[in-house]
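**Q** The structure is given below, and queries will be raised subsequently.
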Amino acid sequence: MSRAILSAAPPPDLGPAAPPPAAPGGGAAAPEAQPSAWTRRLRRHGGAIRAGLVGAASIALFVLAWHVVTENRMNLYVRFGNVPSPSDVLASADAALGSSQFLTHILTSCRRILYGFALAAALAIPLGLLMGRFKLLREMIFPVSEVLRPIPAIAWVPMAIMLWPSNEESIVFITFLGSFFPILLNTLHGMATVDPVLGRAARCLGASEAAVFREVYLPATLPQIFTGLTVGMGVAWVSLIAAEMISGQFGIGYFTWEAYSLVQYPDIVLGMITIGLLGLASSFAIRLLGRVLMPWSAAR
Amino acid sequence: MSAIPLFRRDEAKAPAAAASAPKPKGGLVEVTDFRLRYDSAEGAVDAVTDVSLTIRPGEFVSIIGPSGCGKSTLLNALAGFLKPTSGTVTVDGEPVKGPGADRGVIFQQYSLFPWKTVRENVEFGLKMRGVGRAERARAARTLLGLAGLSAFENHYPDRLSGGMKQRVGIVRALATGPRILLLDEPFGALDAQTRLIMQQILTNMWQRLKISVLFITHDLDEAIFLSDRIYVMTSRPGTVKAEIAVPLPRPREPAMTMSSEFLALRRGLMSLIREESLKAMGGEISEEALQGLAINLDGQDIPRVL
Ligand SMILES: Nc1ncnc2c1ncn2[C@@H]1O[C@H](COP(=O)(O)OP(=O)(O)OP(=O)(O)O)[C@@H](O)[C@H]1O
Ligand SMILES: [Mg+2]
């Protein structure tokens with residue numbers, strides 16, 4: 001009954017002549033007698049343009065502050081004396097981008113992420129779906145996962161080195177572990193929150209058990225699965241970088257740590273920025289995939 | 001086969017509406033001595049007891065009753081989701097074993113698939129039946145066109161109003177050609193105005209389809225306006241309190257709701273329902289409570305009077 005109330009009070013039936021919903025934001029340009037293509041575009045994307053400008057300005061301010069504190073070697077309890085300035089970092093980036101070694105570091109990290117994350121997704125999503133569907137399986141696996149889940153992936157490093165024949169495999173394993181649990185738990189949670197009336201509607205339309213699973217439970221859980229993938233990707237990077245710093249050869253985490261050991265301070269910052277950008281790019285890729293696979297939620 | 005004599009018996013007392021239909025294509029629903037008991041943590045609850053009812057092929061039957069009297073329970077048993085604790089539920093003589101596309105169901109909550117467009121929703125039943133992609137798209141387009149929903153075929157349900165969602169839900173249920181349509185308070189969440197329009201759409205649609213309909217509601221006017229016959233249920237545990245024929249002519253027009261026949265039916269039903277609603281609220285309601293306040297304040301402050 002409560003569900004019925006929640007979904008109550010829909011807007012009155014608008015009918016085919018309903019006006020299209022107004023574009024959000026875009027109160028910037030005043031209405032003219034004949035709005036040109038430009039002002040119309042400005043009005044439609046006004047919000048996005050303003051957000052972009054503000055964002056660029058705030059990044060510029062941040063870099064400026066960084067410049068000021070490092071050029072003047074300020075010591076405000078936090079010591080900026082040894083911190084490289086933006087121009088130092090730019091110079092080292094210039095050098096690094098020209099060398100094939102830096103690129104190898106990046107590619108190595110990307111490959112490890114890809115293997116570990118893809119493996120985690122390929123195991124955790126089906127497992128989560130099945131656990132959501134079959135109670136016995138859930139009751140069997142859930143306690144184990146609850147015990148293992150709180151252990152940070154980094155704590156697995158020594159164990160991973162023992163378990164796997166090579167360094168490469170143990171790093172991929174750490175990355176896998178980091179992303180596995182967020183994906184599993186979100187998938188499971190998504191399965192638990194599927195509106196059962198949808199399953200019943202499908203059965204009334206002649207769907208078999210398997211068809212209900214494929215046509216209802218899977219798509220209904222997809223948004224939660226993507227939440228899991230996004231979180232999992234973040235944790236995968238955290239785990240990867242830590243693992244590379246501890247036991248790596250190659251990889252952007254290793255590059256960053258090595259820069260510290262070799263007293264090449266600008267490279268530390270270059271490594272950090274690269275890690276940030278890679279993380280950003282991978283979560284963007286996941287969001288893009290989500291948009292493609294879930295066109296209905298983009299319409300919201 | 002026991003189905004044949006059952007069918008004969010039904011034909012014998014079929015009303016004029018069914019007789020004028022081209023050919024009965026089945027859709028006889030018989031519920032006999034139905035009882036359903038839920039086993040919950042607080043113990044067993046009898047939701048419905050001793051219900052017997054029939055829906056003849058092509059007939060529009062409503063069930064009306066106070067909240068919690070077991071209307072949805074009964075409908076879920078007909079849909080095949082609940083097994084009767086005792087008694088039988090049959091469709092065209094066959095006991096109901098589980099859900100199936102021969103009985104279209106519109107649920108109390110909206111149940112369109114949010115990840116499918118309007119057309120894909122309508123196609124769903126055909127897809128489950130193994131109809132090819134092109135053919136089911138064509139069938140769904142045709143059906144949506146007939147229902148005046150063509151303009152929305154590529155919309156996702158999210159963007160539709162409540163009335164539109166239920167219309168699409170009805171079209172989706174009809175796409176597989178069911179013999180029976182089961183509707184559980186389909187317009188309960190709509191505003192009064194939309195509701196009237198939906199009622200008219202439904203009655204016109206039914207007029208053309210001539211399939212059996214079981215319509216659950218707790219709105220008197222809705223039940224009278226739509227139905228050939230109305231079963232009134234008692235409060236929980238639900239039983240049939242009365243069975244009332246609605247002799248209003250077809251097609252039904254909104255203006256009929258003002259006719260003296262309609263109002264007389266309404267008055268009769270009203271008193272039946274009122275008794276049950278009071279009973280459903282149980283000890284909550286006494287004569288004093290019904291007065292709102294058992295004292296006349298004449299505009300004075302409550303604290304001062306106290
Ligand atoms: N799964 C269940 N377990 C235990 N009791 C239940 C269950 N489902 C329903 N009931 C009880 O059975 C009774 C009938 O429920 P039902 O949903 O059939 O009523 P209804 O007539 O459809 O009510 P409404 O008009 O509010 O939709 C109610 O008192 C309800 O509390
Ligand atoms: Mg109900």
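The values are calculated or read from the model by the stated rules, or taken from the named source; none is laboratory data. It should be emphasised that the depicted structure is a prediction, and the values quoted were computed from it without experimental measurement. Note: ideal-geometry Cβ built from the backbone for every residue, glycine included; neighbour counts use all protein chains shown. Quick note on the areas: whole protein, heavy atoms, side chains included, nothing else; ligands and nucleic acids left out. Shrake-Rupley method; radii C 1.70, N 1.55, O 1.52, S 1.80 Å.
**Q** Once the principal axes of the Cα atoms of region A:56-111 are found, what is the range along each, listed largest first in whole angstroms?
**A** Principal axes ranked by extent give 39, 27, 19 Å for the Cα atoms.
**Q** Cα-based Rg (one decimal) and Dmax (whole number) for chain B, in Å?
**A** Rg and Dmax of chain B, Cα atoms, are 21.4, 77 Å.
**Q** In whole Å, what is the distance between the alpha-carbon centres of region A:115-151 and region B:176-239?
**A** 45
**Q** Note down the magnitude of the dipole of the protein assembly as shown about its Cα centre, charges +1 on Lys and Arg C-beta and -1 on Asp and Glu C-beta and zero elsewhere, to the nearest 20 debye.
**A** 1680
**Q** Of the accessible area of the protein assembly as shown, with the probe set at 1.4 angstrom, what percent is carbon plus sulfur?
**A** Here carbon and sulfur together make up 62 percent of the probe-accessible area.
**Q** With runs of 4+ DSSP H residues as the only contributors, calculate the mean residue ellipticity of the protein assembly as shown at 222 nm using -39,500 (n - 2.57) per run, divided by the residue total and rounded to the nearest 500.
**A** -18000 deg cm²/dmol
**Q** What is the spread of the Cα atoms of region A:124-241 along each of their three principal axes, largest first, in whole Å?
**A** Extents along the principal axes: 53, 26, 22 Å.
**Q** Please list B:31-38, B:209-216 highest first by mean number of surrounding beta-carbon atoms within 10 Å per residue.
**A** By packing density, highest mean first, the sequence is B:209-216, B:31-38.
**Q** Let me check I've understood the local charge: for residue A:207, count other residues with C-beta under 12 angstrom from its C-beta, Lys and Arg +1, Asp and Glu -1. What total comes out?
**A** +3
**Q** Provide the percentage of antiparallel DSSP beta bridges, counting only those with both residues in the protein assembly as shown; round to the nearest 5.
**A** So the antiparallel bridges amount to about 55 percent of the total.
**Q** Over the protein assembly as shown, with a single point scatterer placed on each C-alpha, what log10 of the ratio I(q)/I(0) does the Debye formula yield at q = 0.06, 0.09, 0.12 1/Å?
**A** -0.51, -0.91, -1.22
**Q** I'd like the distance separating the alpha-carbon centroids of region B:114-160 and region A:197-214, in whole Å.
**A** 17
**Q** Further question on the same structure: I need the P(r) histogram for region B:236-282: all alpha carbon pairs, bin width 5 Å from 0 out to the longest distance, whole percents.
**A** Percent of pairs per bin, in order: 5, 16, 25, 19, 14, 12, 8, 1.
**Q** Calculate the all-directions average of the projected area of region B:197-248's alpha-carbon convex hull, and give it in nm².
**A** That works out to 4.0 nm², a quarter of the Cα hull's surface.
**Q** Does anyone have the angle between helix B:192-209 and the longest principal axis of chain B? Alpha-carbon axes, 0 to 90°, nearest 10?
**A** The angle comes out at about 40 degrees.
**Q** Let me know the mean shielding of B:112-124 by other chains, meaning the per-residue number of their Cβ atoms within 10 Å of its Cβ.
**A** Mean number of neighbouring Cβ atoms from other chains: 4.
**Q** Which value, in Å³ per residue, describes the convex hull spanned by the Cα atoms of region A:174-300?
**A** 113
**Q** Counting alpha carbon pairs within less than 8 Å and at least 6 residues apart, what relative contact order, in whole percent, applies to chain A?
**A** 18
**Q** Which three extents, in whole angstrom, do the alpha-carbon atoms of region A:34-183 cover along their principal axes, largest first?
**A** Principal-axis extents of region A:34-183 (Cα, largest first): 62, 55, 37 Å.
**Q** Semi-axes of the equivalent ellipsoid of region B:101-196: what are they in whole Å, largest first, if each equals the square root of 5 times a C-alpha gyration tensor eigenvalue?
**A** Result for region B:101-196: semi-axes of 21, 15, 11 Å.
**Q** Can you list the HN-Hα couplings for region B:87-98, worked out from phi with the Karplus curve (6.51, -1.76, 1.60; θ = phi - 60°), rounded to whole Hz and with x for Gly and Pro?
**A** Each residue's phi maps through the Karplus curve to give x, 10, 10, 10, 10, 6, x, 9, x, 6, 9, x Hz.
**Q** Can you give the convex hull volume per residue for the Cα atoms of region B:68-110, as a whole number of Å³?
**A** That works out to 81 Å³ per residue.
**Q** A plus B alone minus the pair: what accessible area, both sides summed, probe 1.4 Å, in Å² to 100?
**A** 2900
**Q** Compute the orientation-averaged projected area for region A:87-299 from the convex hull of its Cα atoms and round it to one decimal in nm².
**A** Projected area, direction-averaged: 14.4 nm².
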